[in-house]
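For reference, the structure discussed in these notes is given below.
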Amino acid sequence: IDTINICLDNDVWGRRAGERIIEKYAQRGYNVLEQYPTAKDYNKDLTNFIELENKPIIEIPDKASNSKRVYAHLVGTKKLNQSLVQEYQKSGSLYQTERTIVKNSTPMQITEAVFVQKDKDNFPVYAIKVNLNSSDKYADFKTEYKNTEQARSYLSFNGKNNNLLVFNNPISMMSHQSFLRDMKKEDDFNYICAIKNIPEAVNQFIKDSPHITEVTVMIDKTEALNNKTNQVVDYRETTFKKLLSTVKSKIINVVKRYPTDIDLNRDYRKQKESIQQNQAQKPQEQGLEIG
């Protein structure tokens, strides 16, 4: 034996004993190493390590037994591209959650879609929950799940081009992706989607992706009442102005391309319906010409 490892408890008594061992055996030519635990003892170190390894970065809603209603809603009601929705589901980026509330003394089941962003270790770091029970006349009701200490709190997709598209509704983001897929066009765009703190999210994305030279704001129409002034504030313009002041530079250009309707999905559905009508009329027109 030529080496002694000191693995005593990290307290007063352990340290004192370690000092005596070093003093006695170092003089005799032994190689004495100190390996005290970070906590008081190694059992506590092990407990802390296990807790840290198994602790989720964020708590997200539980998965339902299946995602049939989410799929039917996104493909049937929202008219999103079928293969795109399937890809989201297979990757674990989209699933269905359910909960029961009591309304007017009557139990009511609420079905919601959960969009998840995961890190490189496949742990969820951010999520947006969208209520599917709300009327199509109004904007989608959304809830955000994030860790305030987590810098990358947003949904995102990295593309090949230099344009970053900014959304505050995952269904609107999917509508843009669906349109390109419907038209059989290559989707090289970069995407980011968050509900709050969008300028901070955009800055973090640009920091991770320095090739970005243009930021296009495409967020839904969102109005909120300012309690101080008692006036309705357009959240889009507030966000756009913040982006101009924090992101725009000689290298990066910030532009806005808001949906014509409340959100991009409504614009997408109208455009899709118009294209289908035109395609249905073409054979009739050709028939008339031939006749």
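The values are calculated or read from the model by the stated rules, or taken from the named source; none is laboratory data. Bear in mind that the values here come from a model prediction, so they are computed numbers and not experimental data. So basically every Cβ, Gly included, is an ideal-geometry build from the backbone, and we count neighbours across all protein chains shown. We work out accessible area using only protein heavy atoms, side chains counted, and drop any ligands, DNA or RNA first. Shrake-Rupley method; radii C 1.70, N 1.55, O 1.52, S 1.80 Å.
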Residues residue 43 and residue 19, FRET efficiency given R0 of 22 Å [Cβ-Cβ distance, rounded to 0.05]: 0.45
Alpha carbon convex hull of region 60-204, volume per residue in cubic angstrom: 133
Nearest-ten-degree value, helix 12-26 long axis tilted from longest Cα axis of the chain: 60
Solvent exposure of the chain as accessible area per residue, Å², 1.4 Å probe: 62
Selection of chymotrypsin sites (Phe, Trp or Tyr not before Pro), region 162-205, meeting DSSP coil and at most 11 other Cβ within 10 Å: none
Apportionment of accessible area to carbon and sulfur, the chain, percent (1.4 Å): 50
Approximate spin-label separation residue 121-residue 33, in nm, with each point projected 7 Å along Cα-to-Cβ: 2.5
Rounded FRET efficiency, nearest 0.05, which uses the C-beta distance separating residue 100 from residue 261 and R0 of 22 Å: 0.10
Kirkwood hydrodynamic radius of the chain, Cα pairs, Å: 23.3
Degrees, to the nearest 10: 170-182 long Cα axis against longest axis of the chain: 60
Listed pairs 63/185; 90/221; 160/256; 120/184; 185/270 exceeding 25 Å between Cα atoms: 63/185; 90/221; 120/184
Estimated FRET transfer efficiency (residue 245, residue 59; beta-carbon r; R0 41 Å; 0.05): 0.75
Nearest 10 degrees, 0 to 90: helix 235-246 Cα axis against the chain principal axis: 50
Residue-span extension gain [residue 270 to residue 89] - 0.36 nm each, minus C-alpha spacing: 62.6 nm
Local net charge near residue 271, Cβ-Cβ under 11 Å (Lys/Arg +1, Asp/Glu -1): +1
